[in-house]
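Below you'll find the structure, written out as structure tokens, and then a few comments.
The values are calculated or read from the model by the stated rules, or taken from the named source; none is laboratory data. Quantities reported herein were computed from a predicted structural model and do not represent experimental measurements. Don't worry about glycine lacking a Cβ; one is built from the backbone with ideal geometry, like all the others, and counts go over all protein chains shown.
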Amino acid sequence: MSTTLPSQDNYSRLQQAINLANLVYPHTVGIQKIRKNARFVFWCLTSPQTVQTMLDLLTTPQLAPLKTQLPCLIEKPLKPYGNLGWSQARRTQLIVEHFTFMLKHFPYHIDAIYQNRGIVLYQFQDKDKKSYSINLNSGERREGSLGLQLIDEYGQRLYSISFTISTAENTLYIGSLQGPAENIYNRNETIKSLTKALHGLRTKALMVEVIMMFAQLFEIENICAISKQGHIYQALRYIGSKRNAVSFDYDELWVEYHGKRIDKYTYQLPTQPERKDVDQLNRTKRKLYTKRYQWLDECKTALESSIMLYK
């Protein structure tokens, strides 16, 4: 199938757009398929250069498998993505930069990272010997192009943080932080058990700590995160559908980590979390925080070792 859009005649461009729509939505059927395909064809005809940029990106040998493995990648910049304040041109540029980062640091494992649950970076157990892992994978499709997920021994996603990396700005952009769904087996007890295993560290705080570790290991100088107002589900297109899906208070968490609001859609976070001076704590808290920080240091060492294996 040809992968050129802008220079073709109208009929060829239309046929190409229809073929691409079938590629991007392979499992959609019925009215939904007609609606999605028609919308995508419209995007192809009105934003041909954006679509062509994504197709060109996927001609890189290491990325070529993603065309069928992760076809939604082609439509990423055509809809709200990452941060509500990003224009289509900025979305396109950041996605290209992100995969430039992936080609540099994970050239031989891109297909593994973007398959199913991705690759395991760290495994640990709670006090009841239940196993958990921190995986690197594709993340949530609308909120980022890479994700770190906390997964239990049943393969259930407990927490995930999705992000995009800008090589030009040396910045990691967080697009979402999601907790466990209501249908997770034994949800509340699992979170309690995890918090105890992490020496009182909340699981959502763990994900922030881990994303900061990730940034440090790749010498990424800046971390930016969406405000609740900046989440892509606040876009006008989601009125009446997903707009109320974001119940998590992003702003409160970022402020807790000394984030500074730089515009209505974005916070800037430190790359190094602040730690308490354990010597200034009472005996009980000193013991708790000492164990917590030891666990986090062990986690970072393990992440670094795993990443070196995959580079």
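Listed values, structure above:
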quantity: Failed condition for residue 207, given (1) free of Cβ contacts under 8 Å to residues at least 60 places away in the same chain; (2) closer than 30 Å to residue 90 by Cβ; (3) outside any helix (DSSP H, G or I); (4) under 15 Å from the mean Cα position of the chain (by Cα); calculated: (3)
quantity: Residue 60 being within 23 Å of residue 166 (Cβ to Cβ), within 24 Å of the chain's Cα centre (by Cα) and in a helix (DSSP H, G or I); calculated: no
quantity: Check on residue 195, touching a strand residue (DSSP E or B) at 6+ places or on another chain (Cβ under 9 Å), part of a helix (DSSP H, G or I), assigned by TED's automatic domain parsing to the domain that holds residue 161 and not aliphatic (A, V, I, L, M); calculated: no
quantity: In the range 150-167, residue farthest from residue 117 (Cα to Cα) [restricted to those that are in contact with a helix residue (DSSP H, G or I) (Cβ under 9 Å, 6 or more places away or on another chain) and not hydroxyl-bearing (Ser, Thr, Tyr)]; calculated: 165
quantity: Residue count, the range 174-199 (criterion: of a type in the set (Gly, Ala, Ser), without any contact (Cβ under 8 Å) to a residue 40 or more places away in the chain and surrounded by 16 or more Cβ atoms within 10 Å (Cβ to Cβ)); calculated: 0
quantity: Subset of the range 124-170 [under 28 Å from residue 291 (Cβ atoms), of a type in the set (Ser, Thr, Tyr) and outside any strand (DSSP E or B)]; calculated: 154
quantity: When residues of the range 284-311 are limited to those that are under 28 Å from residue 255 (Cβ atoms) and of a type in the set (Ser, Thr, Tyr), the one surrounded by the fewest Cβ atoms within 10 Å (Cβ to Cβ); calculated: 284
quantity: Selected residue [over 22 Å from residue 232 (Cβ atoms) and touching a Leu at 6+ places or on another chain (Cβ under 7 Å)] from 52, 125, 115; calculated: 52
quantity: Filtered residues of the range 262-278 (kept if assigned to a loop (DSSP other than H, G, I, E, B) and either surrounded by 14 or more Cβ atoms within 10 Å (Cβ to Cβ) or acidic (Asp, Glu) (or both)); calculated: 265, 270, 271, 273, 274, 277
quantity: Residue 281 surrounded by 14 or more Cβ atoms within 10 Å (Cβ to Cβ) and without any contact (Cβ under 8 Å) to a residue 12 or more places away in the chain; calculated: yes
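Residue by residue, here is whether (1) in the same structural domain as residue 15 (by TED's automatic domain parsing); (2) modelled with pLDDT under 95; (3) surrounded by fewer than 18 Cβ atoms within 10 Å (Cβ to Cβ); (4) more than 24 Å from residue 267 (Cα to Cα) holds:
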site	(1), (2), (3), (4)
28	yes, yes, yes, yes
44	yes, yes, no, yes
56	yes, no, yes, yes
59	yes, no, yes, yes
69	yes, yes, yes, yes
83	no, no, no, no
